[in-house]
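Here the structure comes first, spelled out in structure tokens, and everything after it is commentary.
The values are calculated or read from the model by the stated rules, or taken from the named source; none is laboratory data. Small disclaimer: the values here were computed from a predicted structure and weren't measured. Cβ coordinates were reconstructed from backbone atoms using ideal geometry, including for glycine residues, and neighbour counts include every protein chain displayed. The accessibility values were calculated without ligands, DNA or RNA, using every heavy atom of the protein model including side chains. Shrake-Rupley method; radii C 1.70, N 1.55, O 1.52, S 1.80 Å.
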Amino acid sequence: MRNFVSAADVADIDSIVQSALAYKADPLKDRTLGANKRVGMLFLNPSMRTRLSTQIAAQNLGAEAIVFNVDKEGWALEFEEEAIMSGNTVEHVKDAAPIMGRYFDILCIRTFPSLKNKEDDYSELYINQFIKYSGIPVVSLESATLHPLQSLTDIVTIQEVWKEKRKPKIVLSWAPHVKALPQCVANSFSQWVNAWGKADFVITHPEDYELDTKFTKGATITHNQDEALKDADFVYVKNWSTYADYGKIYTNDPEWMLTNEKMKATNGAKVMHCLPVRRNVELSDEILDGPSSIVTQEASNRVWAAQAVLGDLLR
Ligand code: CP
């Protein structure tokens, strides 16, 4: 694996899932793999789980993780080629990234979309410029369109929980939210579940909330949430803003929030969410605090997914 920014970077999803579970069973089994190596962690946007789990993962491998909050402490970066830098940006990524490539052995980056211009966001300019100019492996800590460390964690968690021989039915269910959120978690979850190929995958959302078919192709898509939930084994709850008419909120219908009543149609499904979650907007207290929720297990598995990725890149 050269970089980790998409499911397409992983040759064998089963193998990296098993690697994450092996690290969970024995976190320090490769404690010298990262000796004398440095992992740079650049944040252009906030984070709790991704930051802490990746730092712990690097530490478990014996590597040093250095966090740089570019958004608060760094020079404002320019990403456009041939930009005339007479505005607010101070340093071009073309100058900054090669320096980081000499300071670090792996470069991890979090960068959110603007949600203003679909073509710009979906070009993944920021992360691609770091790949182009740093000269070292780049790991996405969530980009404009994808969140691969989260999705790998999600597959690891499903694999860990699911003990039956048949394929699980996994439902990605849109939820209301007060803010316009990126599509990246939903895109990424869809991309990974489809690439994994070991589930019956259904996506349910209100009309006009269709995601990019590049990620959802292969899934069954329905606007009828009750129908989608029937016999589900896992329900992955997530809000996203509209993709076609980019970055808008068309509805906040609270009827889309998952409840114990709706869960009666499932096959005793486990409920997942990447977190942070708006309680009683996206997901009810009764679900989050009840036995069907596996969100804490899911978030704790972030360490092992990150360790599997960093471990692979350090070998
Ligand atoms: N799920 C997730 O990426 O959480 P953070 O934004 O806290 O890192």
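Side notes on the structure shown:
- Test: residue in segment 251-260 that is part of a helix (DSSP H, G or I), surrounded by 19 or more Cβ atoms within 10 Å (Cβ to Cβ) and outside the structural domain of L141 (by TED's automatic domain parsing): yes
- Of the criteria (1) open to solvent by less than 20 Å² (accessible area, probe 1.4 Å); (2) more than 16 Å from the ligand (Cβ to nearest atom); (3) farther than 16 Å from S6 by Cα, which one A175 fails: (2)
- Taken over segment 104-128, the residue count meeting the criterion of being assigned to a helix (DSSP H, G or I) and open to solvent by 10 Å² or more (accessible area, probe 1.4 Å) is 8.
- Condition check for K24: in contact (Cβ under 8 Å) with a residue 12 or more places away in the chain, more than 24 Å from A144 (Cα to Cα) and open to solvent by 30 Å² or more (accessible area, probe 1.4 Å): yes
- No other residue among D233, D200 is at pLDDT 95 or above and open to solvent by 70 Å² or more (accessible area, probe 1.4 Å) apart from D200.
Table: residues versus (1) closer than 30 Å to N36 by Cβ; (2) at pLDDT 95 or above; (3) not acidic (D, E).
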site	(1), (2), (3)
E64	yes, yes, no
F68	yes, yes, yes
E80	no, yes, no
I84	no, yes, yes
E91	yes, yes, no
K94	yes, yes, yes
L115	no, yes, yes
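- Filter result (open to solvent by 60 Å² or more (accessible area, probe 1.4 Å), within 15 Å of the ligand (Cβ to nearest atom) and among the aliphatic types (A, V, I, L, M)) within segment 35-75: M48, L52, I56
- Filter result for K248 (of a type outside the set (A, V, I, L, M), surrounded by fewer than 15 Cβ atoms within 10 Å (Cβ to Cβ) and out of contact with any Gly (no Cβ under 6 Å at 6 or more places or on another chain)): yes
- Set G290, G268, G247: member being within 20 Å of L146 (Cα to Cα), among the small types (G, A, S) and assigned by TED's automatic domain parsing to the domain that holds V161: G247
- Residue ID - farthest from N187 (Cα to Cα), chosen from residues in segment 268-306 that are more than 16 Å from the ligand (Cβ to nearest atom) and open to solvent by less than 40 Å² (accessible area, probe 1.4 Å): G290
- Picking from residues in segment 130-156 that are part of a helix (DSSP H, G or I) and open to solvent by 20 Å² or more (accessible area, probe 1.4 Å), the one that is nearest to the ligand (Cβ to nearest atom) is I131.
- Residue selected from segment 29-66 under the condition of a type in the set (K, R) and over 17 Å from W304 (Cα atoms), by the criterion nearest to the chain's Cα centre (by Cα): R38
- Note on segment 207-230: among residues that are touching an Asp or Glu at 6+ places or on another chain (Cβ under 9 Å) and outside any loop (DSSP other than H, G, I, E, B), the one that is surrounded by the fewest Cβ atoms within 10 Å (Cβ to Cβ) is T220.
- Where V295 falls short, out of the listed (1) touching a residue at least 24 places away in the same chain (Cβ under 8 Å); (2) at positive phi: (2)
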